[in-house]
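Novice: This is the structure, below, for whatever I ask next.
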Amino acid sequence: GRPPSLGGTALSAEWFERAKKSLAGGISSSSRLTSTGPDPYPLYMSSGSGARIRDVDGNEYLDYLLSYGSAVLGHAHPALTEGLARVLASGTMFGTCNVPEVELAELIQELVPCAELVRFANSGSEAVQGAVRAARGATGRSRLLKFEGHYHGWTDSLAISNRPTPEEAGPYEAPRAVPHSPGIPAGVVDDVVVCPWNDPEALKAVFAAHPGEFAAAVCEPIVANNACGMPAPGFLELLRDLCTAERTVLIFDEVCTGFRTGQGGAQTLFGVRPDLAVFSKALGGGLPLAAFAGVREVMEPLASGQVKHGGTYNSSPLCATAGVITLRHLADPAVTGRIDATGRQIMETIRRAARDRRIPCAVQGVGAMFQVVFTPDGQPTREYRDTFRLDRARYDAFRHELLLRGVHSNAYGLACWFVSAAVTDDELARTCEAIEESFAALV
Ligand code: PMP
């Protein structure tokens, strides 16, 4: 039987059957296939308010998927609803320069250390592509260095070795570059060198083996897409030094960390300045908006028009206004502080509940974004291949129990929880209760 907090999900089932007849696979993004609910079909969400979302059957959930971190202020935040209503009434886009995009670029400049110049895009994938283009354009090189298990969007250039299986991953010291999907040309794959994360010796070796070759080294400073693994002390600094020595553009993919792990993102949290950074998710507060921003030297060929980047929808008044409103809130340390404190309490509750029941696990990340990993020894993961040893079935069971108690989180165990500023004390208490009960149900 289901706990009373969750009723049936029959209407989601019906919509999925209907969707499969028109949408390829019934979905609009490959990751939504894994976003199933307690039953083997995706949940159809229909509304949200603050920290809560509601499905088409009327079930309510406390939301820690949070549209992958985008709804950082909470769903239907009054400031956004009012501000965007004004834009809706006066024209959403003109395909021209506009005032809110300038205000937003200035805000990003103020908050982000590396952001000497900014360009906008509509999604994380697109902005990553823009950053890669800028790096290649500025250096005249084509090869990229990326890290196993890090995710940078679905486009060809970096959809490589996101989640290779043990069979296809190759030797640890020299991982194979494994395309994430059929349809990625061999030439693109040849241009990418893959390295294990958080391993100083492997990193030095890969730079030594490819002197002067890399246009860019790209990483997720906190690996949101690999169970929120944290950088080992000194690793980001080493990566910075090697990139400087090799005149390689260091790109931080801050699509998840940006404006969430503090005002300036991971680069201020860790005190390491990349040459370029990519933002999305929290930046748009729930609207499609992304940016890449960086130092003059790398952005200059783009500024002069020599390196090309376009986009009909880039920083439309509607989306740029959403960005301005969202960043003005996130620029207040009280807001990010609240997000962090809420998240830390949830992390601590998971740790305590697991300890009480002698279930080995680690809770890794920061308050604003974190993940629980059921490692055999209860130690955090260091790099991608540590996830081969995780008890993934236990994670799935935990997530399922939470969902039955009205707590919605990412169904993919190597992703993470995202926390909004809208969680009330009562909602936090209910979340913690659901965690306790879910652990009790696991044993
Ligand atoms: N980079 C990172 C770190 C991401 O988490 C994502 C999306 N999950 C992307 C890039 C791609 O962003 P989008 O889905 O908006 O294209």
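Novice: Evaluate E = 1/(1 + (r/R0)^6) for Lys204 and Gln306, where r is the Cβ-Cβ distance and R0 equals 35 Å; express this FRET efficiency to the nearest 0.05. Present the calculation step by step, with values, prior to reporting the outcome.
Specialist: Numbers: r = 33 Å, r/R0 = 0.95.
With R0 = 35 Å, the Cβ-Cβ based efficiency is 0.55.
Novice: Another question, if that's okay. Can you compute the helix-only [θ] at 222 nm over the chain? Use -39500 (n - 2.57) per DSSP H run of at least 4 residues, normalise by all residues, nearest 500 deg cm²/dmol.
Specialist: Working: 14 runs with 164 residues, N = 443.
Result for the chain: -11500 deg cm²/dmol, rounded to the nearest 500.
Novice: Here's a follow-up. Out of the DSSP beta bridges found with both residues in the chain, what percent are antiparallel (nearest 5)? Show your work: numbers first, answer last.
Specialist: Working: 27 of 44 bridges.
Bridges in the chain are about 60 percent antiparallel.
Novice: In debye, nearest 20, what is the charge dipole magnitude of the range 78-330 about its Cα centre with +1 on Lys and Arg Cβ and -1 on Asp and Glu Cβ, if you could check? Numbers along the way, then the final one.
Specialist: Numbers: 18 positive and 26 negative charges, 85 e Å.
For the range 78-330, the charge dipole is close to 400 debye.
Novice: Report the chymotrypsin sites (Phe, Trp or Tyr not before Pro) located in the range 388-443 that are in a DSSP loop and have at most 16 other Cβ atoms inside 10 Å of their Cβ, or state none.
Specialist: On the way: sites: Phe388, Tyr395, Phe398, Tyr412, Trp417, Phe418, Phe439; in loops: Tyr412.
Nothing satisfies the criteria.
Novice: When the Karplus curve 6.51 cos²θ - 1.76 cosθ + 1.60 is applied with θ = phi - 60°, which whole-Hz ³J(HN,Hα) does each residue of the range 240-245 get, with x for Gly and Pro?
Specialist: In residue order, the calculated couplings are 4, 4, 5, 4, 4, 4 Hz.
Novice: How much length is gained if the chain between Arg389 and Glu103 is pulled fully straight, taking 0.36 nm per residue apart and subtracting their Cα-Cα distance, in nm to one decimal?
Specialist: Numbers: separation 286, 0.36 × 286 = 102.96 nm, distance 4.69 nm.
Gain in length upon complete extension: 98.3 nm.
Novice: Let me ask you something else. Only bridges with both residues in the range 182-340 count here: give the DSSP antiparallel percent, nearest 5. Each step should come with its number before you reach the end.
Specialist: Details: 5 of 13 bridges.
About 40 percent, rounded to the nearest 5.
Novice: Under 10 Å, Cα contacts only: if you run a Gaussian network model on the chain, which one of Asp340, Asp332, Asp156 comes out with the highest mean-square fluctuation?
Specialist: Asp332
Novice: Let me ask another. For the range 136-189, which GluC sites (Glu not before Pro) are in a loop by DSSP, counting at most 16 other Cβ atoms within 10 Å? Mind dumping the intermediate values first?
Specialist: Working: sites: Glu148, Glu167, Glu168, Glu173; in loops: Glu148, Glu167, Glu168, Glu173.
Taking the range 136-189 and a limit of 16 other Cβ atoms within 10 Å, the loop GluC sites (Glu not before Pro) found are Glu167, Glu168, Glu173.
Novice: Would you mind telling me the antiparallel percentage of the DSSP bridges in the range 78-330, rounded to 5? Before the final figure, lay out each step's value.
Specialist: Working: 11 of 26 bridges.
Bridges in the range 78-330 that DSSP calls antiparallel: roughly 40 percent.
Novice: So, in Å, what gap is there between the alpha-carbon centers of the range 399-443 and the range 118-148?
Specialist: Result: 35 Å between the Cα centres.
Novice: Suppose R0 equals 30 Å. What FRET efficiency, 1/(1 + (r/R0)^6) with r the Cβ-Cβ distance, do Ala232 and Asp190 give to the nearest 0.05? Could you put the intermediate results ahead of the total?
Specialist: Details: r = 29 Å, r/R0 = 0.97.
Approximately 0.55, to the nearest 0.05.
Novice: Can you give the FRET efficiency to the nearest 0.05 for Glu116 and Ala331, using r as the Cβ-Cβ distance and R₀ = 22 Å? Each step should come with its number before you reach the end.
Specialist: Numbers: r = 19 Å, r/R0 = 0.84.
Once rounded, the FRET efficiency stands at 0.75.
Novice: While we're on this one: Where in the range 66-171 are there chymotrypsin sites (Phe, Trp or Tyr not before Pro) that are in a DSSP coil and have at most 13 other Cβ atoms within 10 angstrom of their Cβ?
Specialist: Numbers: sites: Tyr68, Phe94, Phe120, Phe147, Tyr151, Trp154; in loops: Phe94, Tyr151, Trp154.
Those satisfying the criteria are Phe94.
Novice: If you take all C-alpha pairs in the chain, what percent of them are over 43 Å apart?
Specialist: 10 percent
Novice: Assign unit charges at the C-beta atoms only (+1 for Lys and Arg, -1 for Asp and Glu), then state the dipole size of the chain relative to its Cα centre in Debye, rounded to the nearest 20.
Specialist: Numbers: 40 positive and 49 negative charges, 76 e Å.
Computed about the Cα centre, the dipole is about 360 debye.
Novice: If you take the alpha carbon radius of gyration of the range 102-201 and divide it by 2.2 N^0.38 Å, what ratio comes out, to two decimals?
Specialist: Numbers: Rg = 15.6 Å, N = 100, 2.2 N^0.38 = 12.7 Å.
That ratio works out to 1.24.
Novice: Out of Phe252, Gly311, Gln345, whose Cα points farthest toward the positive end of the dipole of the range 205-354 (charges: +1 Lys, Arg; -1 Asp, Glu; placed on Cβ)?
Specialist: Gln345
Novice: How much length is gained on full extension from Ala397 to Ser28, taking 0.36 nm per residue of separation minus their Cα-Cα distance? All intermediate terms of the calculation are to be shown ahead of the outcome.
Specialist: Values: separation 369, 0.36 × 369 = 132.84 nm, distance 2.58 nm.
Gain on stretching Ala397 to Ser28: 130.3 nm.
Bear in mind that the values in this text are calculations on the coordinates, not laboratory data. Computed from a prediction, not measured in an experiment: that's the story for all the values here. As a convention, Cβ positions derive from the backbone with ideal geometry for all residues, glycine included, and neighbour counts pool all protein chains shown.
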